[in-house]
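Enquirer: Please read through the structure below; I'll follow up with questions.
Nothing in this text is a laboratory measurement; each read-out follows from the coordinates by a stated rule. It should be emphasised that the depicted structure is a prediction, and the values quoted were computed from it without experimental measurement. Positions of Cβ are backbone-derived with ideal geometry, glycine not excepted, and every protein chain shown enters the neighbour counts.
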Amino acid sequence: MPPLIAALPELDLVPVAQVKKFRDVPVARRVRFNQIIVTGPPGSGKSTFIRRVGGWPEEGYVDLSRKGWWRAQALAVRPREVHLGLPFAGRKLGLALFDSAWLNAWGELELEPERIQLPGAKRFPLAVNWRRRFVFEFLLPAPEVVEADRRERARDGTHPVDRSIDLRQIRAQMRLFGRVAAHFHDHGMQVYVRERVADRPLRFVTEAVSQGRP
């Protein structure tokens, strides 16, 4: 059987058994509309997802290396497309994968997942359960599909990141987001993965084993 995510066969995923649809976009039945945060590499279909479900049209950004990013104003309105700043060795702040600092040195940068800050488990009855507040939808298409879509998009000149399109770089972006998705899941966050917007969402097979960061 071919891997469910062609570019990332190492991800242990299975299709969600029960789904519902928000404007023809399938999501897990347990997901509420206002929980959804859509993320993924450049050109993965995030804007299309948000447009189809009727979400918030403006993009957001959070730096995962910053403690308390889950309280950021950028996450207050959902569903929303959100770009992630990822922590890399030797870099104080997180880098988005469209930042020139990442694009210029992507072959040398090493992800430091231990620096990703995540909310701890809810401890008190009236406390906010940050792990349950959000549902992260990771869009992870085949790199060749992203490359073709970005080359088509580059004709309009709407996205500066499309000035240089490198399939090897796209594959690296896909691997990084796959690692972040697995890290989120392992630390108790709600995570789903799919290749394209219209696909049935996938979930991780294993239960989260870590209690996460305080």
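Enquirer: In what sequence, highest mean first, do 156-162, 99-105, 144-150 appear when ranked by Cβ atoms within 10 angstrom?
Expert: 144-150, 99-105, 156-162
Enquirer: May I ask you to derive the FRET efficiency for A6 and V128 from their Cβ-Cβ distance with R0 = 35 Å, giving the value to the nearest 0.05?
Expert: It comes out at approximately 0.40.
Enquirer: Kindly write out, for segment 18-32 in residue order, the coupling ³J(HN,Hα) from the Karplus curve 6.51 cos²θ - 1.76 cosθ + 1.60 (θ = phi - 60°), rounded to whole Hz, with x marking Gly and Pro.
Expert: Along segment 18-32, the couplings run 10, 10, 10, 10, 9, 6, 6, 9, x, 9, 4, 4, 6, 7, 8 Hz.
Enquirer: Still on this structure: Could you grab the relative contact order for the chain? Cα pairs under 8 Å, six or more apart, rounded to a whole percent.
Expert: 27 percent
Enquirer: Calculate one ³J(HN,Hα) per residue across segment 165-178 by plugging θ = phi - 60° into the Karplus curve 6.51 cos²θ - 1.76 cosθ + 1.60, and present them in order as whole Hz with x for glycine and proline.
Expert: 10, 10, 4, 5, 5, 4, 4, 5, 4, 4, 4, 5, 5, x
Enquirer: If I take the Cα coordinates of segment 2-86 and project them onto the principal axes, what are the three extents in Å, biggest first?
Expert: For segment 2-86, the Cα extents along the three principal axes come out at 38, 30, 24 Å.
Enquirer: Using the Cβ atoms and a cut-off under 11 Å, what net charge is assigned to the surroundings of L202, where Lys and Arg are +1 and Asp and Glu are -1?
Expert: Net of charged neighbours comes to -1.
Enquirer: Still on this model: Using modelled backbone amide H atoms (1.01 Å from N, in-plane), which distant-in-sequence or interchain residues come within less than 5 Å of D63's amide H?
Expert: Amide H neighbours of D63, under 5 Å, 5+ apart: G85.
Enquirer: For the chain, just say rounded, prolate or oblate: build the C-alpha gyration tensor, square-root its eigenvalues into a ≥ b ≥ c, call rounded for a/c under 1.5, and beyond that prolate if a/b exceeds b/c, oblate if not.
Expert: Rounded.
Enquirer: Further, regarding this structure: Between V205 and R115, what is the FRET efficiency for a Förster distance of 25 Å, r being their Cβ-Cβ separation, to the nearest 0.05?
Expert: 0.40
Enquirer: What distance in nm separates the two pseudo spin-label positions at T158 and R196, each 7 Å out from Cα along the beta-carbon direction?
Expert: Here the modelled spin labels are 1.8 nm apart.
Enquirer: Checking the table K20/K46; K46/K67; K20/K92 against a 30 Å threshold on Cα-Cα, which pairs fail?
Expert: From the list (K20/K46; K46/K67; K20/K92), the Cα-Cα distance tops 30 Å for K20/K92.
Enquirer: Let me ask you something else. Under the 0.36 nm per residue contour assumption, what length would be gained going from the current alpha-carbon distance of R52 and K21 to full extension?
Expert: 10.1 nm
Enquirer: Under 10 Å from the Cβ of P57, count the other residues' Cβ atoms, weight Lys and Arg +1, Asp and Glu -1, and hand me the total.
Expert: Around P57, the charge tally is -1.
Enquirer: FRET efficiency for Q73 and R32, Cβ-Cβ distance as r, R0 = 22 Å, nearest 0.05?
Expert: Here the calculated transfer efficiency is 0.60.
Enquirer: Using the Cα centre of the chain as the reference point, and only Cβ charges (+1 on K/R, -1 on D/E), how large is the resulting charge dipole? Debye, rounded to the nearest 20.
Expert: Taking the Cα centre of the chain as origin, the dipole is about 1060 debye.
Enquirer: What is the local net charge at R171, summed over the other residues whose Cβ is closer than 12 Å to its Cβ (Lys, Arg +1; Asp, Glu -1)?
Expert: -1
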